[in-house]
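Single-structure report; data block below.
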Amino acid sequence: MRNKFADAIFEIGSVNKNICALVADISPAGSMEKFRKKYPDRFINCGVAEQSMIGISAGLALKGMRPFCYTIATFALFRPFEFIRVDLGYQNLPVTVIGMGAGLIYSTLGGTHHSMEDIAIASSIPNMTVLAPCDPIEMKLATIWCATKSKGPVYMRLGKVGEPEITKDAYDKKFTIGKLRYIKKGEDIALISYGITINVLIEVSKELKNKQNINCSIINMHTIKPLDKKGLEKILKKYKKIIIVEEHVPYGSVSSMIKSYAYENKIFTDIKSVTLKDEFIHFYGSHKELLNKHGLSTSKIIKKINEK
Amino acid sequence: MDNNLKFSKRNLKKFNITDSRKRCLKYRRKLLDISQTVTALHAGGALSSMEIVDFIYYGLIYNKNIPDGSKNTFLMSKGHGCMSQYIALNELGILDDKHLETYCKSNGILGCHPDFGNPGIEASTGSLGHGMGLATGMAYFEKINKTNNNIYVVLSDGELQEGSTWEAMMMAANLKLDNLICFLDHNGSQSFGNTKITHPKFYPINSKIKSFNWSVGKANGHDVRSISSSLKNRKENKPHMTICDTIKGKGVSFMENKPIWHYRSPNSEEYKIAINELTQVYS
């Protein structure tokens, strides 16, 4: 995903001279390095100073640029939160903040590097669009949208490198910002997630089909804010059982957004959610092992689905 | 900026010290008038910045001798002092009388802090420590587009206690932004009291700023001649800061250097005394 993001920046940046990239001491690789070399004026390394990275991006946006701010998710969003809120949100400026390695991807780096609250925090800011593409293909399309179409600030969750291109054979061929996307269509139950966690749902879906002959839909809620209310309503009315899985703490999660939407609209269907626990993680291992510890393994999710 | 187009080229004059003095007296009277309509005004910090703001608008932006001056940008980073900016913008004809009359009222557009989108307001400030980052981005934009436009910023003492200000100052020096010109409204007085007592290691300021590879000037912040000549210290490839020594509440004796006037508005009795005093001292 990281590489596709950089490819997109290089491609659009070559045409649109108002695109610029700001990083906080993240060493550029691949296309980002190409961008830096070819357009040194439009690549700014702000050093380990995330507050000023956001402030500078806002200053550039006030003069007509469309900046991208790029660093590890916790430092992209949590550290400079008030700058994102005031400089970008309050002034409604077209700056995209990229949270790299969001969720528990930095699984051995400890809680300082886990962004488990980013969706809640970013979504709470008025004017903010929140995106979480699920694979490199979507990442590129989302980046192009941010560079050319966004009207205000965007927070975008980004994975790492080497994610499979799962949307190649997606049921919904088109990726449209603001519209949820069927990755797979089935009649029995609906599995909802966003970002790279869609990969977990693919495993869950395969196992449910093989062992219990259950046909699942996999739905990618890549645009978390604004929530696709129309699309969501159809799903809530169609499926008797809906499972939302996310690499995020329960408070302010997409699960809570969907449940409150269902309740307010009096659509009473069985909605279960599997989120990270409301706990910091003092445990080191692979990304998968950390997810398992918090209940986001295939077997634990299936167990939850089968609960009455 | 579109807002600035309201002030057409026809109105441009050369900067004149006597005119500036007259305007600043008018600003202070106007501030006291407005103070009678609201409870919150941040009078102290507005009164300390009036000569600086007047010099920026009339000396550095809308000045017949400055080609394309209106393309320069001004940020009131110490947003709480924005009454001096509002009144100057009104004098320039960029903000209408009705805007000042409805300050902090439900039928108006102006509040206690500058709000981006309002006439003449080029960024939302008021949360301390934001102006320097915004200005650095703006100054960098002007540099890479090879313009001659400058970014002018007025900061408070409190803002130099925010880490974000120093983060951006380091970056502005890295980027060699000699088109970034800042004025510290050094009134030495904050909500909690006298800065020398409440925050002694705030001093020395001059050497701290210099060590970030900025050029530094010093001025009497109530003397536009002194403010103007401080800019001679500007150096190529370096951002610049003039430390303007000012008096919080300047012009009204009972307000001067009294922390309570950071936020308070005078009652009608105090208003009368203040207006009388201004008339005597300045005439």
Could you go through region B:130-140 and let me know if any residue there is under 22 Å from B:LYS250 (Cβ atoms) and either under 18 Å from the mean Cα position of the chain (by Cα) or more than 10 Å from chain A (Cβ to nearest Cβ) (or both). yes
Go through region A:73-86 and report how many residues are in contact with a helix residue (DSSP H, G or I) (Cβ under 7 Å, 6 or more places away or on another chain), more than 14 Å from A:VAL154 (Cβ to Cβ) and of a type outside the set (Phe, Trp, Tyr). 3
Options B:LEU47, B:LEU75, B:LEU89: the member that is in contact with a Pro (Cβ under 8 Å, 6 or more places away or on another chain) and modelled with pLDDT of 95 or more: B:LEU89
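Do you know which residues across region A:144-166 are under 23 Å from A:ILE218 (Cα atoms) and in contact with a Lys or Arg (Cβ under 8 Å, 6 or more places away or on another chain)? I'd like the intermediate steps shown before the answer.
Pass one, region A:144-166, residues under 23 Å from A:ILE218 (Cα atoms): A:156-166.
A:LEU158, A:GLY159, A:LYS160, A:VAL161 - these are the residues of region A:144-166 that are under 23 Å from A:ILE218 (Cα atoms) and in contact with a Lys or Arg (Cβ under 8 Å, 6 or more places away or on another chain).
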Given (1) more than 21 Å from the chain's Cα centre (by Cα); (2) crowded, with 17+ Cβ neighbours inside 10 Å; (3) more than 10 Å from chain B (Cβ to nearest Cβ), index of the condition A:LYS37 fails: (2)
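Please specify each residue of region B:1-37 satisfying the condition of being aromatic (Phe, Trp, Tyr) and at pLDDT 95 or above.
Start the filter on region B:1-37 by keeping residues that are aromatic (Phe, Trp, Tyr), which leaves B:7, B:15, B:27.
Hits for region B:1-37 are B:PHE15, B:TYR27.
To keep it simple, each residue is scored yes or no on (1) under 23 Å from B:SER189 (Cβ atoms); (2) within 12 Å of another protein chain (Cβ to nearest Cβ); (3) open to solvent by 10 Å² or more (accessible area, probe 1.4 Å).
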{"position": "B:ASN149", "(1), (2), (3)": "no, yes, yes"}
{"position": "B:ASP157", "(1), (2), (3)": "yes, no, no"}
{"position": "B:GLY163", "(1), (2), (3)": "yes, yes, yes"}
{"position": "B:TRP166", "(1), (2), (3)": "yes, yes, yes"}
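Using the structure shown, decide if B:PHE74 is open to solvent by 40 Å² or more (accessible area, probe 1.4 Å) and within 14 Å of another protein chain (Cβ to nearest Cβ).
Working: open to solvent by 40 Å² or more (accessible area, probe 1.4 Å): no; within 14 Å of another protein chain (Cβ to nearest Cβ): yes.
For B:PHE74, the condition - open to solvent by 40 Å² or more (accessible area, probe 1.4 Å) and within 14 Å of another protein chain (Cβ to nearest Cβ) - is not met.
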Residues of region A:251-284 being surrounded by 14 or more Cβ atoms within 10 Å (Cβ to Cβ) and on the phi > 0 side of the Ramachandran plot, in sequence order, are A:GLY252
Show the residue pairs that are 6+ apart or on different chains and have beta-carbon atoms under 6 Å apart, the first residue being within region A:46-57 and at the interface with chain B (Cβ under 7 Å from one of its Cβ atoms) and closer than 15 Å to B:PHE141 by Cβ, the second being in a helix (DSSP H, G or I) and β-branched (Val, Ile, Thr). A:ILE56/B:THR136
Can you tell me which residue in region A:1-25 is nearest to the chain's Cα centre (by Cα), limited to those that are modelled with pLDDT under 95 and surrounded by fewer than 19 Cβ atoms within 10 Å (Cβ to Cβ)? A:ASN3
What is the one condition in (1) over 22 Å from B:SER191 (Cβ atoms); (2) away from every other protein chain (no Cβ under 11 Å); (3) surrounded by 24 or more Cβ atoms within 10 Å (Cβ to Cβ) that B:ASN118 does not satisfy? (3)
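Enumerate the strands (runs of 3 or more DSSP E) found wholly within region A:6-89, keeping only those where 3 or more residues are in the same structural domain as A:LEU104 (by TED's automatic domain parsing) and farther than 17 Å from B:ALA135 by Cα. Walk me through it before giving the result.
Details: elements: A:19-23, A:43-45, A:66-72.
Those strands (runs of 3 or more DSSP E) span A:19-23, A:66-72.
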Within region A:106-148, track down each residue that is in contact with a Pro (Cβ under 9 Å, 6 or more places away or on another chain), in a loop (DSSP other than H, G, I, E, B) and open to solvent by 50 Å² or more (accessible area, probe 1.4 Å). A:ASN127
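The values are calculated or read from the model by the stated rules, or taken from the named source; none is laboratory data. Remember, it's a predicted structure, so these values are computed and weren't measured experimentally. Backbone-built Cβ (ideal geometry, glycine too); neighbour counts: all protein chains shown. Keep in mind that these areas ignore ligands, DNA and RNA; they rest on the heavy atoms of the full protein, side chains included. Shrake-Rupley method; radii C 1.70, N 1.55, O 1.52, S 1.80 Å.
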